[in-house]
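To keep things clear, I will list the structure first and then write my remarks on it.
The values are calculated or read from the model by the stated rules, or taken from the named source; none is laboratory data. Only a predicted model underlies this, so the values are computations on that prediction, with no experimental measurement involved. Don't worry about glycine lacking a Cβ; one is built from the backbone with ideal geometry, like all the others, and counts go over all protein chains shown.
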Amino acid sequence: MGLTEATNVARELADTIVFKSSDGTPSLLERPEALKQFMEHQHRRLHRDFLVLDNNKTILAHAADEEHQVGDKFGHDPGNEIGQTLADGIPRRFVDPEEVNAILAVPIENPEDTIIGAVLLEYDPVLQAAEQSTNSLLWLVGLSATAAVLVAVGFAWLLLRRFSSGLGDMMRGMEALAKGNAMTRISHARNDEFGQLADGFNTMADQLASARAHVEDIVETAAEGIAVLNGDGRVASANPAAATMIGRRADKIVGQQWDSVLTVRDPRGGAFAAGASPIEMALATGRQHQGEVRLTRSDGSHLPVIASCSPLSRSEGGLVLTLNDISELRRAEGVVNERADQLALLNRELHDKSETTTRLVKLGELLQACVTFPEAFSVVGTAMAEFLGGLSGTVHLTSASRNLVEEMAHWGDVRSSATQFAPEDCWALRRGQEHVAGPGMLTPRCAHITENGKKGYVCMPLAAQGETLGILHLCEPNAAERPQWLTERQQILRGVVDTLALALANLRLRETLRQQSIRDPNTSLFNRRYLEETSSRELRRMERSGQPLVIIMLDVDHFKQFNDTFGHEAGDLVLKQVAATLIEHARDSDVVSRYGGEEFALVMPGSSVQEGAERAEALRQAIRKLHLTHRGRTLGTVTASFGVAAYPEHGVGWAELTNAADHALYEAKGSGRDRVAIALGNASGERPPIQLVPAPKSS
């Protein structure tokens, strides 16, 4: 291999190493294992040693070079030829004292034209060839001197030969490239038209070789098996994945008839009819065929694959065979079928329990629809006789004080439990689990059981949402004759207990949530939602009775500074103290709420606008007198701005009144804060906001 050819090969390798496909696949330089496989493939193809270095001359990969290891620093360039190539991008040759052949260093450039490494390629020296060429030229010159008489004829002959040589080189190069020899290049030293054509040819050949290398890399690393078949059915090539699926080495596959190395059967393992396999049909018709086949490997094992046959668009025919392993899919289908059988069995069991479940659902719907405890216990007393036919029982709830258990519902002919008892009188409440007593059992009876006959008893805790609410107590009068009385009802009992406990817990939670839904958790004042609902009702009541109504909106001045300076805990303290001041100055009929953030609202049914203004001024002064400390720090003076609006002077609807009060509040804020402003009148002309008490200047 000469210098020019070696340089072209090395440049082709460098371009392939940094190539990134449009789908985002990383380059070979970013995938060490793939780079290693690529270098070994190039070594087998060209029979040359290769090394890839980074810009620090550290070895990233090598092929068939046992003297160097990945990670070592290459130091066999006596004149630092590699360092010079990394600096200026010019290929250089040098002789390694420990090697026979010379070494060529070619830079690796990324798409941004930055040198990021180098490819080292072994090539045969051309000095001897050059010497022989020089000797031949001297001999020709001497011969020409002795034959001076033939100069004119020789000159003409040389011109003709030069023309024929250039044309012949071009023709031979194109023929070789057409036959698939991607390494074909035209060596020349001309500056004429033939030199330009040769340069263009070499550029085109370089691009074709680079594209071919990219395609070969994709095929070699693909997970699918890919094989190319000639028109006569012989295997022209096979990638590593195809060789693994077939179970033979690639060199034992290439050149063989496809049916001598590939044994395909139908998906069930039977033989295809003659000419019916996808491969045979594609070869015969020249059309694409695809289907599932069972591939018999060389070791006798079977592999389900999807065989896709795509004919090649060339005169001699042939096709590309793609094998896609679907063994994992088939195994997953087997698992799915097994699960389907299990589900069918479970479905039969669920069908047997559907009647019980339906009745439990109906009970749950009735209980969830109840809004009070008495309503729920009325449903329980009626439904339990149907669910637990033959059993008498009671439902007991623990009181809010947790020191008394009271009967809430009863059904059946036997009343076997006291109506009230202490929690410690029931073993189920003590232990937090079901307690059974009766004939032939060593477990003690609960102290709240009043019957002394030979009956069976069970107490089951009603627990839901982390809380024990009470018990379900049942009595079987004929327990001695029916020892399985509890076992045969265990499933439905569990469902009844869970449904009843959840319904009772939801009722209790609903009441708790109702209180939470109308209160602000931080200040314990009514929230905005409750204020709007209540005030709308109050407005209608005032309208019917002909009485006035006042709404006062107030906002804590510079509240953000409290949060920013002293922290949110201090801000919460300010809000709580302002809320306490509002409650302290409110009547029983007034509605005090936290309207949002640091804004509060006070509704005063039956009060005039003047009374509202006076109340607002009193509140302003009271808030200003607050002296608050937080964690030993004085929070400073707290002030608030007030806006006052009244019905019917400033509006007849809730939205009108709140808008009027808001505008007055904004006027108070804009006029310097720490003051009271009354909304504009709309009965007899406009008038400006009234400022009752000007805010004092801060010292």
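Matching residues to (1) assigned to a loop (DSSP other than H, G, I, E, B); (2) within 30 Å of LEU500 (Cβ to Cβ); (3) outside the structural domain of MET245 (by TED's automatic domain parsing):
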{"site": "VAL264", "(1), (2), (3)": "no, no, no"}
{"site": "ALA276", "(1), (2), (3)": "yes, no, no"}
{"site": "LEU283", "(1), (2), (3)": "no, no, no"}
{"site": "CYS309", "(1), (2), (3)": "no, no, no"}
{"site": "GLN342", "(1), (2), (3)": "no, no, yes"}
{"site": "LEU346", "(1), (2), (3)": "no, yes, yes"}
{"site": "GLU365", "(1), (2), (3)": "no, yes, yes"}
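Can ASP259 be described as of a type in the set (D, E, K, R), exposed (fewer than 13 other Cβ atoms within 10 Å of the Cβ) and part of a loop (DSSP other than H, G, I, E, B)?
no
Starting from residues that are of a type in the set (Ser, Thr, Tyr) and crowded, with 18+ Cβ neighbours inside 10 Å, keep the ones in the range 493-525 and report whichever is nearest to SER399 (Cα to Cα).
THR499
I'd like to verify a number: residues in the range 427-450 that are assigned to a loop (DSSP other than H, G, I, E, B), touching a Pro at 6+ places or on another chain (Cβ under 9 Å) and either polar (S, T, N, Q) or surrounded by 12 or more Cβ atoms within 10 Å (Cβ to Cβ) (or both), how many?
Of the residues in that region, 4 qualify.
What pairs come up if the first residue lies in the range 376-390 and is free of Cβ contacts under 8 Å to residues at least 40 places away in the same chain, the second is assigned to a loop (DSSP other than H, G, I, E, B) and aliphatic (A, V, I, L, M), and their beta carbons are under 9 Å apart, counting only those six or more places apart or on different chains?
Pairs found: ALA385/LEU391.
Within the range 99-117, which residues are in a strand (DSSP E or B) and either within 20 Å of LEU60 (Cβ to Cβ) or of a type in the set (Asp, Glu) (or both)?
Within the range 99-117, ILE103, LEU104, ALA105, VAL106, PRO107, ILE108, GLU109, ILE115, ILE116, GLY117 meet the criteria.
If we keep just the residues of the range 526-552 that are assigned to a helix (DSSP H, G or I) and without any contact (Cβ under 8 Å) to a residue 40 or more places away in the chain, which is surrounded by the most Cβ atoms within 10 Å (Cβ to Cβ)?
GLU533
Within the range 68-83, is even one residue outside any loop (DSSP other than H, G, I, E, B), modelled with pLDDT of 85 or more and out of contact with any Lys or Arg (no Cβ under 8 Å at 6 or more places or on another chain)?
no
Which members of the range 3-26 meet the condition of being under 36 Å from the mean Cα position of the chain (by Cα), more than 28 Å from ASP251 (Cα to Cα) and either of a type in the set (S, T, N, Q) or surrounded by fewer than 14 Cβ atoms within 10 Å (Cβ to Cβ) (or both)?
Matches in the range 3-26: SER21, SER22, ASP23, GLY24, THR25, PRO26.
Can you tell me which condition THR244 does not meet? The list is (1) more than 43 Å from the chain's Cα centre (by Cα); (2) at pLDDT 85 or above, and all the others hold.
(1)
Looking only at the range 388-405, count every residue that is outside any strand (DSSP E or B), at pLDDT 90 or above and touching a strand residue (DSSP E or B) at 6+ places or on another chain (Cβ under 8 Å) and tell me the total.
Final tally of qualifying residues: 1.
Filter the range 357-372 for residues that are hydrophobic (A, V, I, L, M, F, W, C) and surrounded by 15 or more Cβ atoms within 10 Å (Cβ to Cβ) and give the result.
Matches in the range 357-372: LEU360, LEU363, LEU366, LEU367, CYS370.
Would you mind stating whether ARG294 is part of a strand (DSSP E or B) and out of contact with any helix residue (DSSP H, G or I) (no Cβ under 8 Å at 6 or more places or on another chain)?
yes
Working carefully through the options SER144, SER133, find the one that is assigned to a helix (DSSP H, G or I), at pLDDT 60 or above and either not hydroxyl-bearing (Ser, Thr, Tyr) or not assigned by TED's automatic domain parsing to the domain that holds ARG48 (or both).
SER144
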